[in-house]
Each structure stands twice: as structure tokens, then as C-alpha cells.
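Novice: One structure is given below, represented as C-alpha cells, and several questions about it will come after.
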Amino acid sequence: MNRHYYGLILAGGRGTRFWPRSRKRSAKQVLNVVGERSLIQNTVERLGPVIPPERLWVLTNQHLRGAIVKQLPEIPQRQILAEPMQRNTAPAIGLAAHILQSVDKDAVMGVFPSDHVIGHGPIGHGAGKAAAYRNVVKAALKSANAGNLMVIGIEPRWPETGYGYVEFPRGSKPGAVARVKRFHEKPALAKAKRYLAAGNFYWNSGMFFWRCDALLDQLRQHLPKTATVLAALPAFGSRGFHQKLSRAFPLCENISIDFAVLEKSALVHGIPAADFGWNDVGSWNAVYELSARDECGNAIAAESICLEARNNFVDARGKLVALLGVSDLIVVDTADALLVASRDRAQQVGDVVKALERAKREDLL
């Protein structure tokens, strides 16, 4: 382990597509939607051989900080921070870089989503894939230490329209560092099929690596207003830091690190990585795909009786589930709400949350 390697885990999202289990105080990242441990606990565990918990930092929100502190006792509490308000990934990452630079002038930071799955599939965890993932992380950190801004691209397994893509030069060797030609937004299906056939377009994993001083320099060039706000903060741990942060952070621009820096910088490189079982677990249907299923394709987290029922996902714990003559459904049961949806509409579950917000049903949010 390099003592200058640090990890930032981004854990501020609400996970609205996982309603009704995902709520403001129990969002997707702290739920055990895949396996026995929560998604953020698995994130910390798989990073351990590369970046130990004492060098991990978490950025979340006020609603979730308490739950994350409880779930991650191995991370010092002072390193689990609640953002004063959501301001997208550029200010969040810039804040972490500012803090780490004040702690260690040679800090190299990896940025990791809190709610992704690595090395997992219908047949369970894959130790080999998790090891392959860590090897890619090590290579990305090494290249970042040399001054590059690094991104991990994931070899696409199908023509996905819900992910952004990273374009590498033709002939780039899988697993080796290559210059990024261009970032592409989520494509229509026809374009996604062309990306898959081309062979040099990879899914954007949302995992990034850089020296903190290099990232702060790029922010000064490409997002000067936010860079100036963050630079005015005192050193982390100094008196009044949190009070000053609460006043300054809302002044930062609401923009992603992709738009703010990566699509403009000449320093961006990446690793086109072979499949190591990555999944961003973006919907209940993704959980279905990752779950063990019976001979009729049903994934049910309960005792069940299935008669002429196929390809359903049911999360209804503590009770018998009986399915009769239904197919391709998502059913999620909690103490105060029940979701029933078609599997092909899983990405739209967030619309239910929007409807609840309009109805001012805070009790269900």
C-alpha cells in the first residue's frame, strides 16, 4: 500500500429508483439489496487491500450520515462528512481534494461510488473478479500519481442506453493506460449498438483517480468560481471549518466532474478494463439480474409458492409470497408502502417518488 493513496466514497444520493425500501434516511447505499451487507459496506471491504479504512473518506448528506457512521465503524467518524447541500460531483470532489491536500501534500485520490457491485452475479461473489478490479485500481492510482487524470472504462456487455461511454483510441490494450479520446453521453439504442460493435467504447464507471494538487489545478482552470470558494476554506480540522463550509458550499456551481473538468482537460487518460463483474445497480431490475432465481426465473426474498409465474422479482420479507399466473413483475413490500411494477418500467420508479413529493407525503420519502 502507498501511504499517499486515499479514497473518496460518494454516498449522497437518494436512490429514488429503489423506493419504497430506499428513503431519505435509508437510501440505496446503506441497504443490503444485494447480499447480506450494504452496498457501501461492500465498497469499503473490497477496497481494503488497496486503500485501508483509515485513509477512506465519505461524503454523504445529513439524513444518511448517522446510518453510515454505524455501518462503517472502521472509518474515523471525522472522515464521514455531510455536505451542507447537494451540489453534484465537481464541488464534492473538489472539497475532498482540498481537505486531503491540507492533510497530505502528496495525496492521490481515488473516487468511488458507494452503491456499485463488483465481482457479483447470479451465482454469487467472484473472488477472481474482485482481485482483477483491485489490480485495475492499483494501476489507475499509479498512473494518477504520475500526473494523469484517470477514469476506468468497463468493457460493455450489451448495448446499454443508460450509461455514458468513454471512447479510447482503436487498438488500445485492455488493462493498459490509454489517452481518452472523448466522453459520450447516454446514447440511443442504435448508437449504443454501434459503440458495442466498434470495440473501443467503454462504459463510464464513475471511478476517477488523480493527485489532489492536479485536480485542484484543473478546477482553477475550468471551474474557477467553485475553485475560489473551496480555496478560501480553512484547513480541515481547524476551528470553524464546518461553519465556514456550511456558508461556502452552497456558493459552488451545481455541476458534475465530467462536465466541469474531464471533458475539457488535456490530461485525461483511462484504463479500458475487461469485465470484472461491475454493475451500477441502477434499478430493481438490476437487482433481479444479480439475484439467484428459480427454474422459472423468479427471484423472491421470502418463502414462496409460484404457479405458472415467470421472471418476477419479489422483495417481501417475513411472509409467504404466492404468485399465480403473473410474469415480469417487480413487487417490493415494506411496512408502509407496496410497489408493483412491470420489470421493463423499473427505471421509472423514481417517478413515484416525484409524485409523492408533489403530494407532500414526507412520511413516505
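Novice: Can you confirm whether I9 is modelled with pLDDT of 95 or more, closer than 27 Å to V136 by Cβ and assigned to a loop (DSSP other than H, G, I, E, B)?
Specialist: No.
Novice: Then there is this: If a residue must be buried (at least 16 other Cβ atoms within 10 Å of the Cβ), without any contact (Cβ under 8 Å) to a residue 60 or more places away in the chain and either in contact with a Gly (Cβ under 9 Å, 6 or more places away or on another chain) or of a type outside the set (D, E, K, R) (or both), how many such residues does region 334-355 contain?
Specialist: Qualifying residue count, region 334-355: 1.
Novice: Name the residue, out of E83, E45, E74, that is in the same structural domain as K225 (by TED's automatic domain parsing) and over 17 Å from the mean Cα position of the chain (by Cα).
Specialist: Exactly one of E83, E45, E74 is in the same structural domain as K225 (by TED's automatic domain parsing) and over 17 Å from the mean Cα position of the chain (by Cα), namely E74.
Novice: Taking the condition modelled with pLDDT under 95, within 19 Å of the chain's Cα centre (by Cα) and part of a helix (DSSP H, G or I), does A140 pass?
Specialist: When the stated conditions are applied, A140 does not pass them.
Novice: Tell me, please, whether a residue that is in the same structural domain as T60 (by TED's automatic domain parsing), in contact with a His (Cβ under 7 Å, 6 or more places away or on another chain) and under 30 Å from H98 (Cβ atoms) can be found in region 275-289.
Specialist: The answer is no; no qualifying residue exists.
Novice: Hey, could you check region 307-365 for residues that are among the polar types (S, T, N, Q) and part of a strand (DSSP E or B) and say which is farthest from the chain's Cα centre (by Cα)?
Specialist: Among residues in region 307-365 that are among the polar types (S, T, N, Q) and part of a strand (DSSP E or B), the one farthest from the chain's Cα centre (by Cα) is S327.
Novice: Here's another thing I want to ask about it. Restricting attention to region 139-157, which residues are surrounded by 18 or more Cβ atoms within 10 Å (Cβ to Cβ) and charged (D, E, K, R)?
Specialist: Across region 139-157, there are no qualifying residues.
Novice: Restricting region 22-38 to residues that are more than 17 Å from V69 (Cβ to Cβ) and in contact with a Ser or Thr (Cβ under 6 Å, 6 or more places away or on another chain), which is surrounded by the fewest Cβ atoms within 10 Å (Cβ to Cβ)?
Specialist: Among them, the one singled out is N32.
Novice: Another one. Go through (1) touching a Leu at 6+ places or on another chain (Cβ under 7 Å); (2) closer than 26 Å to F313 by Cβ; (3) assigned to a loop (DSSP other than H, G, I, E, B) and name the single condition P84 misses.
Specialist: Condition not satisfied by P84: (2).
Condition check ((1) of a type in the set (D, E, K, R); (2) surrounded by 15 or more Cβ atoms within 10 Å (Cβ to Cβ); (3) in a loop (DSSP other than H, G, I, E, B); (4) in the same structural domain as M207 (by TED's automatic domain parsing)) across all residues:
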{"site": "L100", "(1), (2), (3), (4)": "no, yes, no, yes"}
{"site": "V111", "(1), (2), (3), (4)": "no, yes, no, yes"}
{"site": "A130", "(1), (2), (3), (4)": "no, yes, no, yes"}
{"site": "P159", "(1), (2), (3), (4)": "no, yes, yes, yes"}
{"site": "G162", "(1), (2), (3), (4)": "no, no, yes, yes"}
{"site": "P169", "(1), (2), (3), (4)": "no, no, yes, yes"}
{"site": "K173", "(1), (2), (3), (4)": "yes, no, yes, yes"}
{"site": "K186", "(1), (2), (3), (4)": "yes, no, yes, yes"}
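Novice: Name every residue in region 143-157 that is under 18 Å from A266 (Cα atoms) and not in a loop (DSSP other than H, G, I, E, B), in order of residue number.
Specialist: S143, A144, N145, L149, M150, V151, I152, G153, listed by residue number.
Novice: Here's another thing I want to ask about it. Among the residues of region 260-306, which ones are within 18 Å of the chain's Cα centre (by Cα), farther than 27 Å from V349 by Cα and of a type in the set (D, E, K, R)?
Specialist: Scanning region 260-306 gives a single hit, D275.
Novice: While we're looking at this one, here's another question. If the requirement is being closer than 19 Å to A274 by Cβ, modelled with pLDDT of 95 or more and more than 23 Å from the chain's Cα centre (by Cα), which of these qualifies: A146, A198, A248?
Specialist: A198
Novice: Further question: At least 3 residues that are without any contact (Cβ under 8 Å) to a residue 60 or more places away in the chain and either in contact with a strand residue (DSSP E or B) (Cβ under 6 Å, 6 or more places away or on another chain) or over 30 Å from A176 (Cα atoms) (or both) in each: list the helices (runs of 4 or more DSSP H) lying fully within region 207-303 that qualify.
Specialist: 224-231, 241-248
Novice: Among the residues of region 304-328 satisfying the criterion of being in contact with a strand residue (DSSP E or B) (Cβ under 7 Å, 6 or more places away or on another chain) and among the β-branched types (V, I, T), which is nearest to I118 (Cα to Cα)?
Specialist: Out of the qualifying residues, it is V314.
Novice: Among the residues that make up region 40-50, is at least one of them surrounded by 16 or more Cβ atoms within 10 Å (Cβ to Cβ) and not in a helix (DSSP H, G or I)?
Specialist: Yes, region 40-50 contains at least one residue that is surrounded by 16 or more Cβ atoms within 10 Å (Cβ to Cβ) and not in a helix (DSSP H, G or I).
Novice: Does region 52-75 contain at least one residue that is in a helix (DSSP H, G or I), acidic (D, E), at pLDDT 95 or above and out of contact with any Cys (no Cβ under 8 Å at 6 or more places or on another chain)?
Specialist: Yes, that holds for at least one residue.
The values are calculated or read from the model by the stated rules, or taken from the named source; none is laboratory data. These numbers were taken from a predicted model, which means no experiment stands behind them. Cβ atoms come from the backbone with ideal geometry, glycine included; neighbour counts cover every protein chain shown.
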